[in-house]
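Okay, so here's the structure we're looking at.
The values are calculated or read from the model by the stated rules, or taken from the named source; none is laboratory data. All values derive from a computational prediction rather than experimental measurement. Cβ placement follows ideal geometry from the backbone for every residue including glycine, while neighbour counts extend to all protein chains displayed.
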Amino acid sequence: MKIAMIGTGYVGLVSGVCFSDFGHEVICVDKDPSKIDRLTRGEVPIYEPGLEDLIQKNTGAGRLTFTEDLAGAVASADAVFIAVGTPTRRGDGHADLTYVYAAAEEIANAIDGYTVIVTKSTVPVGTNRQVKQIIRKACPDAEFDVASNPEFLREGAAIDDFMRPDRVIVGVQNDRAAEVMEDVYRPLFLRDFPIVTTDLESAEMIKYAANAFLATKITFINEIAALCERVGADVKEVSRGIGLDGRIGNKFLHAGPGYGGSCFPKDTKALARIGQENAVPMQITETVIKVNDETKRRMFDKVMDICGDSVNGKTIAVLGVTFKPNTDDMRDAPSLTIVPALVGRGAKVRVVDPQGRREGEALLPGVHWSNDAYKAARNADAVVILTEWNEFRALDLKKLAKKMAHPVMADLRNVYSEKDAKQAGFVGYVSIGRSGFLPEA
């Protein structure tokens, strides 16, 4: 099949590359000439494990190309995927559909023969019908159908998620469009991965409902962690105990400094707004958003506690600033709340992150970047673990403590334990939902 992928952001690029690895001829389109130039030269603008190798493999095989020419890409395509950004609209929390609708108008003028227009971007219920209206108005004689095909890619594991998905969601209006989508995903059909074919509205809602539910699990365990600290329980034991219940499951029950990234913050806000517009308030989701914001602020309080309620003039080593490991994504990361607050209170902040510097330099002004945790900790007054990169999971804590002026740690990912910290020579250690100890006054 011939596929045009409109947009080479995270979703568009990963999806286009993986479709080409299925054996399809894929043209990825973007209006940014510098991005297209870089991709054509084999340079990947995002960090995603395995993506660069897959691009080289499929461009070398002639199945994957990059272009600014949307009209040319669409004219030759059997399926056109819209994978442009839908950021949170300033002021009301709704998904901004400007780019989706603009893409639909351009596609309308380029369709040549029967084409399925597939929305890959995360969009509110009713968007695909609106896309259909836009295309029909712009080109009344066009032969096309629309489909909804939301993505469920985890940053850092996106290629595996695409190639071995829990499920593929396809929303269509007729059998003809369903058959095209079956051809698009034929390698997964043949290997019996679950393909859920449904209507447009259900497909659109599935995406928001899934992300809101996962965000709820994260926020629930973070709230339980706060209570554990007060009553003397261990949130890791609580998580394990409830996660073994098959009705609950153990995923997304790891206490931390709050969710971030490209999906959960944006999609929970959009779902809340959809509920408000339809007079069905999403009260649980609205509370999840509120509690998640409070969790990030509570993490700052933990750092203040370990530093004796003042960080003015103190050197703080922050390990990890991306919202999760194995990505360079900084969107809504807890670090964007915690680090600026430390700088604002007069702290000298040193940051270490394997991939976060490219975005982080602009987002975190006033910090010093380092490429080594032990260098960052030299003569530091505190170490804060914000992202659980593998290289921060197996630190030599004794070595780390000896390098510090005041060996205290705020472990906001529960990587270590109170026992580990004490044995290594730390005089203060706090984590989330578990026991710790503050430095003696």
Count of residues meeting criterion [over 10 Å from SER148 (Cα atoms) and of a type in the set (A, V, I, L, M)] in region 187-204: 4
Flag for ASP305 being in contact with a Cys (Cβ under 8 Å, 6 or more places away or on another chain), within 24 Å of GLU440 (Cβ to Cβ) and in contact (Cβ under 8 Å) with a residue 12 or more places away in the chain: no
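Listed here are the residues, each with its yes/no results for (1) surrounded by fewer than 17 Cβ atoms within 10 Å (Cβ to Cβ); (2) out of contact with any Ser or Thr (no Cβ under 9 Å at 6 or more places or on another chain).
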| residue | (1), (2) |
| --- | --- |
| MET330 | no, no |
| ALA341 | no, yes |
| GLY344 | yes, yes |
| PRO354 | no, no |
| GLU361 | yes, yes |
| GLY366 | yes, yes |
| ASP381 | no, no |
| ASP396 | yes, yes |
Residue check for ASP372: over 26 Å from GLU155 (Cβ atoms) and either crowded, with 22+ Cβ neighbours inside 10 Å or charged (D, E, K, R) (or both): no
Conditions (1) assigned to a helix (DSSP H, G or I); (2) of a type outside the set (Val, Ile, Thr); (3) closer than 19 Å to GLY256 by Cβ; (4) under 25 Å from the mean Cα position of the chain (by Cα): number failed by GLU361: (3)
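Listed here are the residues, each with its yes/no results for (1) assigned by TED's automatic domain parsing to the domain that holds ALA421; (2) under 21 Å from ARG413 (Cα atoms).
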| residue | (1), (2) |
| --- | --- |
| GLN276 | no, no |
| VAL288 | no, yes |
| PHE300 | yes, yes |
| VAL303 | yes, yes |
Residues being surrounded by 19 or more Cβ atoms within 10 Å (Cβ to Cβ), of a type in the set (Asp, Glu) and not in a loop (DSSP other than H, G, I, E, B) - total across region 20-47: 1
Strands (runs of 3 or more DSSP E) contained in region 54-142 and holding at least 2 residues buried (at least 19 other Cβ atoms within 10 Å of the Cβ) and β-branched (Val, Ile, Thr): 79-82, 115-119
Condition check for PHE213: surrounded by 13 or more Cβ atoms within 10 Å (Cβ to Cβ), at positive phi and either small (Gly, Ala, Ser) or within 21 Å of the chain's Cα centre (by Cα) (or both): no
Pairs where the first residue, in region 87-99, is closer than 21 Å to TYR10 by Cα and in the same structural domain as VAL29 (by TED's automatic domain parsing) and the second is part of a loop (DSSP other than H, G, I, E, B) and of a type in the set (Gly, Ala, Ser), C-beta under 7 Å, 6+ apart: TYR99/GLY85
Selection status of LEU190, over 24 Å from the mean Cα position of the chain (by Cα) and among the aliphatic types (A, V, I, L, M): yes
